[in-house]
Structures are given as structure tokens and as C-alpha cells.
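> After the C-alpha cells below, expect a handful of questions from me.
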Amino acid sequence: MLWGYAGAFGSVQLYLSSHVPFSSASLGALGAVGTICLALFYILPLLLISVFRRFPHHLRISLWIALAVNTAAMFASSFATNVGELIFLQGIVCGAAGAVLYVPAMIWVQVRAT
């Protein structure tokens, strides 16, 4: 759900650009959704790893909160009527929540490997 959606956003972009209400939106604006989401997947873990190492007791609850936020943002984006809402919900919110979901896996793999 995390990397697959953002990585394959070109297919979603093609669908959105041919259906109302996004058929009049520019392809660059629609493409920004997947780009922002992927950018947050790459940038936020750099910050979040140090936060979760400092506060490891918050790791489990943050997973559940991020999962709920990600699910709620994807559900809410189905009611979006303009590209700005998609950029916020699917790009920024899902990107940030996805990074929070991804970082604990990186930390736990590193701990198990040592």
C-alpha cells in the first residue's frame, strides 16, 4: 500500500486525467501527488529514525496511529474535488503517514540483524 501506490501513481494519474472532476486539471499538478508522496517516503525517515531511537516506547502506538491516518486520508481523498485536496491528502498526509509506517520496519530489521 505504501510504495506500490506512490510508485505506480502514473497509472492513477492517467485515470484521474480522463475522468471528472480532474479531467480539466493539468498533468503536472496531478503528477505532483505521487512525487510529493515519494519525496516524503525518502526524506522523513532520515528524521524519524533518530526520533524513534530516542523514544522507542512510542514506536508501536505510532504505527497504529499512522495506519489510521493513512487509511482515513485515502478514504477522504475519494471525496476530493480538486487537485489541491489530492496533493494534501494523498501526497502530504499519506506520504508522512507512510514514512512513519516504514521507519519502524527499518529499525526493527537493523536491531534483529545485530
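Just so it is clear, none of the values below were taken in a lab; they were calculated from the coordinates. It should be emphasised that the depicted structure is a prediction, and the values quoted were computed from it without experimental measurement. For neighbour counting, all protein chains shown are included, and Cβ atoms are generated from backbone atoms with ideal geometry for every residue, glycine included.
> Using the alpha-carbon atoms, what tilt in degrees (0 to 90, nearest 10) does helix 27-54 show relative to the longest principal axis of the chain?
Tilt relative to the chain: about 10 degrees.
> Counting only C-alpha contacts under 8 Å and six or more residues apart, can you give the relative contact order of the chain as a whole percent?
Working: 111 pairs, mean separation 38.3, N = 114.
Here the relative contact order equals 34 percent.
> So for the range 3-113, what are the equivalent ellipsoid semi-axes in whole Å, largest first, each being the square root of 5 times an eigenvalue of the Cα gyration tensor?
Details: eigenvalues 182, 35, 21 Å².
Semi-axis lengths for the range 3-113 are 30, 13, 10 Å.
> Based only on other Cβ atoms within 10 Å, what is the fewest-to-most ordering of R53, R112?
Numbers: R53 13, R112 7.
So the ranking, lowest neighbour count to highest, is R112, R53.
> Also, I was wondering about something else. Where does helix 94-113 land angle-wise versus the long Cα axis of the chain, in degrees 0 to 90, nearest 10?
The helix 94-113 is inclined about 30 degrees to the chain.
> How far apart, in nm, are the 7 Å Cα→Cβ label points at L46 and S78?
Between L46 and S78, the simple spin-label model gives 3.6 nm.
> Could you order peptides 20-27, 66-73 by the average number of other Cβ atoms within 10 Å of their residues, highest first? Let's see the in-between values first.
Numbers: 20-27: 11.8, 66-73: 16.4.
With the highest mean Cβ count within 10 Å placed first, the list reads 66-73, 20-27.
> How many angstrom separate the Cα center of the range 12-53 from the Cα center of the range 76-114?
Result: 10 Å between the Cα centres.
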